Structure formats: C-alpha cells, structure tokens
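Q: Just passing along the structure, written as structure tokens.
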Amino acid sequence: MITEFTKTVSGSGVKLTPQRMAILDCLNGNESHPSAEEIFRHVSQTYPMMSFATVYNTLSMLRDKGLVLELTIDPARKRYDPNVKLHHHVICLGCGKIADVHAEYELDVPADIAEAFVMSGNHVEFYGTCRACGNAAQLKGE
Ligand code: ZN
Ligand code: MN
C-alpha cells in the first residue's frame, strides 16, 4: 500500500521490496509500539517465508535513517514507533503497554550540561501501572 509513510521511506533512498512494504504497512499509523517479534508475527501471516532477520534488519535500517524510533523504555525488548516527531512515552510496568505522551516538554538544559554536550534531542519516559493492570491487582487482593 502506498502511504505517506512509504513515500517518506522511499524518498530517503530505501528500495521498497514487497517484504519491506509489508513491514511498513504494519508500522504505518501503528500507535501500539510493537516489538520486532510482534511485527514479525504480523507480517508472517502474509509472508510465511519472511525471516525474523529480515524484519530485524529492516527495522535497524529504518532506525539508522531516522524513519522509525527505536524505544528502549521496555526492559524486556526494543519497541518501534513510526512517529518520529517529538513526543514522550509512558509504560505500564505490569503488562508492558506503551502509550504516547503528547506534550512538548522542553526540559531546561542545565548550564554545565549545555557546556559539555551539544544537544540533539530529548525524550521523557514515564512509568506506572495501567488501569487494567491496577484493577487486576485489586481483584487478586494485592
Ligand atoms: Zn498494564
Ligand atoms: Mn510513540
């Protein structure tokens, strides 16, 4: 499927193979912050011959070109986000759900840091327990 996302990717000089298109379709507009494994499971339904390495290598290439964000907020596995605009994330420590935090926080950079580093970006991570996990814990009497 030709989308704004596929146009942006091909405009960055990435050759669009059918397998890459399937990976891009899975990512396009996807706000669930899927892991490489989840993307692999999804595209395998259409491309049973696709290897996990193809998915992983494609994600790494897209990350290197700045076309997807690779999130390390989940200690269990890296997660991927096609939304590369400035936003932040919250993770549920119970189920691993990651949601977007749409707020343009511009953290004040302390003077000593500004002197020691040239800033290229910032990203805030929030941690907590989602409502579903909180309710489940209450039912179990935790
Ligand atoms: Zn949860
Ligand atoms: Mn996000």
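Where a number appears in this text, it was derived from the coordinates with a stated rule and is not lab data. Everything numeric here is computed off the predicted structure, so don't read it as measured data. In this analysis, Cβ positions are derived from the backbone assuming ideal geometry, glycine residues included, and neighbour counts consider all displayed protein chains.
Q: If the chain between Ala76 and Val109 were fully stretched, how many nm would it gain, using 0.36 nm times the residue separation less the Cα-Cα distance?
A: On the way: separation 33, 0.36 × 33 = 11.88 nm, distance 2.98 nm.
Residue separation times 0.36 nm, minus the Cα-Cα distance, leaves 8.9 nm.
Q: Report, largest value first, the span of the C-alpha coordinates of the chain along each principal axis, in whole Å.
A: Reported extents, whole Å, longest axis first: 51, 44, 24.
Q: With θ set to phi - 60°, apply the Karplus curve 6.51 cos²θ - 1.76 cosθ + 1.60 along region 46-58 and write out the HN-Hα couplings as whole Hz, x wherever there is a Gly or Pro.
A: For region 46-58, the Karplus curve yields 8, 10, x, 8, 5, 8, 4, 4, 4, 5, 4, 5, 5 Hz.
Q: Report the gain in length on full extension from Asp100 to Lys140: 0.36 nm times residue separation, minus Cα-Cα distance, nm rounded to one decimal. If you can, show how the numbers build up before the last one.
A: Details: separation 40, 0.36 × 40 = 14.40 nm, distance 2.85 nm.
Full extension of this stretch gives 11.5 nm more.
Q: What are the ³J(HN,Hα) couplings of region 64-74, residue after residue, when phi is run through the Karplus curve with 6.51, -1.76, 1.60 and θ = phi - 60°? Round to Hz, x for glycine and proline.
A: 4, 8, x, 9, 9, 8, 9, 9, 10, 5, 8
Q: On to the next question. In what order do Leu59, Leu67, Leu86 fall by count of nearby beta-carbon atoms within 10 Å, going from fewest to most?
A: Ordered by Cβ neighbours within 10 Å, fewest first: Leu86, Leu67, Leu59.
Q: Among Asp112, Asp100, which comes first, second and so on when ranked by fewest other beta-carbon atoms within 10 Å? It would help to have the intermediate numbers written out before the result.
A: Working: Asp112 8, Asp100 13.
With the sparsest Cβ surroundings first, the list reads Asp112, Asp100.
Q: Right, here's the next one. Arranged by the count of other C-beta atoms within 10 angstrom, fewest first, what order do Phe5, Phe126 take?
A: Working: Phe5 19, Phe126 12.
The order, fewest Cβ neighbours first, is Phe126, Phe5.
Q: Assuming R0 = 25 Å, what is the FRET efficiency of Lys7 and Glu37, from their Cβ-Cβ distance, to the nearest 0.05? Numbers along the way, then the final one.
A: On the way: r = 27 Å, r/R0 = 1.09.
Using R0 = 25 Å, I get an efficiency of 0.35.
Q: Using unit Cβ charges (K, R positive; D, E negative) and no other charged atoms, how large, in debye to the nearest 20, is the dipole of the chain about its Cα centre?
A: Numbers: 13 positive and 17 negative charges, 149 e Å.
Dipole about the Cα centre, nearest 20: 720 debye.
Q: Starting at the first residue of region 32-40, write each ³J(HN,Hα) from the Karplus equation 6.51 cos²θ - 1.76 cosθ + 1.60 with θ = phi - 60°, in whole Hz, x for Gly and Pro.
A: 8, 6, x, 7, 4, 4, 5, 5, 4
Q: For the residue pair Phe126 and Ser60, what label-to-label distance in nm results when each label sits 7 Å from Cα along the Cα-to-beta-carbon direction?
A: 3.4 nm
Q: If you don't mind, there's one more thing I want to ask. Among residues other than Ser10 whose Cβ falls under 12 Å from its Cβ, what is the net charge (Lys/Arg +1, Asp/Glu -1)?
A: Numbers: positive: Lys7, Lys15, Arg20, Lys65; negative: Glu4.
Local charge sum for Ser10: +3.
Q: Same structure again: Could you pull out the GluC sites (Glu not before Pro) across region 2-102 that fall in loop regions by DSSP (anything but H, G, I, E, B) with no more than 13 other Cβ atoms inside 10 Å?
A: Details: sites: Glu4, Glu31, Glu37, Glu38, Glu70; in loops: Glu31.
Taking region 2-102 and a limit of 13 other Cβ atoms within 10 Å, the loop GluC sites (Glu not before Pro) found are Glu31.
Q: So which lysines can Lys97 reach, going by Cα to Cα under 21 Å and dropping same-chain residues fewer than 8 places off?
A: Straight-line reach from Lys97, under 21 Å: Lys78, Lys85, Lys140.
Q: Next question, about the same structure. What residue among Gly96, Ala111, Gly121 has its Cα farthest toward the positive end of the dipole of region 87-140, where the charges are +1 on Lys, Arg and -1 on Asp, Glu, each on the Cβ?
A: Among Gly96, Ala111, Gly121, the one farthest towards the positive end of the dipole of region 87-140 is Gly96.
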